[in-house]
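Novice: Okay, handing you the structure first.
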Amino acid sequence: LLIGAYAKALEVIPRQVASNSGMDPTDVLNKLRMKHARGGKWFGVDVIENGVCDTFEAFVWEATVMKRNALLAATEAACLILSVDETVRNPASEKPDAGGMPGGKGMMGKGRGGGRFGRGRGRGR
């Protein structure tokens, strides 16, 4: 399930390339899936001929470092989002009797910064 979702997210790249070049993204993705399912390892979007091509034979080479960095950054971002989701959850606040502060009193309506002389009264008043 997780790997399928990750693969689906990576389909954004060829979809955006096809869309930016004026092709039908759904048609291009279907052709790419078909080629990859038949064992085509190097097929990608061909923006010149408006379709798909074997990028190895067409001498389209991309820097592996860039792809690795992009995948690493995307994976770290996803892990961070998932860890924040787990951190924010507080089981104690999900109980039906959970109020505000301990003791049930909370702040009792007192705002911040009232101080001894109140707020907004100007100097010397």
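Novice: Where residues in segment 13-65 are open to solvent by 70 Å² or more (accessible area, probe 1.4 Å) and aromatic (Phe, Trp, Tyr), which of them is farthest from the chain's Cα centre (by Cα)?
Specialist: PHE59
Novice: Hey, does segment 12-34 have a residue that's part of a loop (DSSP other than H, G, I, E, B), at pLDDT below 90 and either under 27 Å from ALA73 (Cα atoms) or touching a Leu at 6+ places or on another chain (Cβ under 6 Å) (or both)?
Specialist: Going through segment 12-34, the residues part of a loop (DSSP other than H, G, I, E, B) turn out to be 21-24.
Right, trim to at pLDDT below 90 and you get none.
Among the residues of segment 12-34, not one is part of a loop (DSSP other than H, G, I, E, B), at pLDDT below 90 and either under 27 Å from ALA73 (Cα atoms) or touching a Leu at 6+ places or on another chain (Cβ under 6 Å) (or both), which makes the answer no.
Novice: List pairs: first in segment 39-65 and closer than 22 Å to ASP24 by Cα and touching a residue at least 24 places away in the same chain (Cβ under 8 Å), second polar (S, T, N, Q) and open to solvent by less than 100 Å² (accessible area, probe 1.4 Å), Cβ under 7 Å, 6+ apart or cross-chain?
Specialist: Taking only residues 6 or more apart or on different chains, the pairs are GLY44/THR55; VAL47/SER21.
Novice: Among the numbered criteria (1) open to solvent by 70 Å² or more (accessible area, probe 1.4 Å); (2) touching a residue at least 60 places away in the same chain (Cβ under 8 Å), which single criterion is violated by ALA74?
Specialist: (1)
The values are calculated or read from the model by the stated rules, or taken from the named source; none is laboratory data. Bear in mind that the values here come from a model prediction, so they are computed numbers and not experimental data. Please note: Cβ atoms are built from the backbone with ideal geometry, for glycine as well, and neighbour counts cover all protein chains shown. Just so you know, the surface numbers come from the protein's heavy atoms only, side chains and all, with ligands and any DNA or RNA stripped out. Shrake-Rupley method; radii C 1.70, N 1.55, O 1.52, S 1.80 Å.
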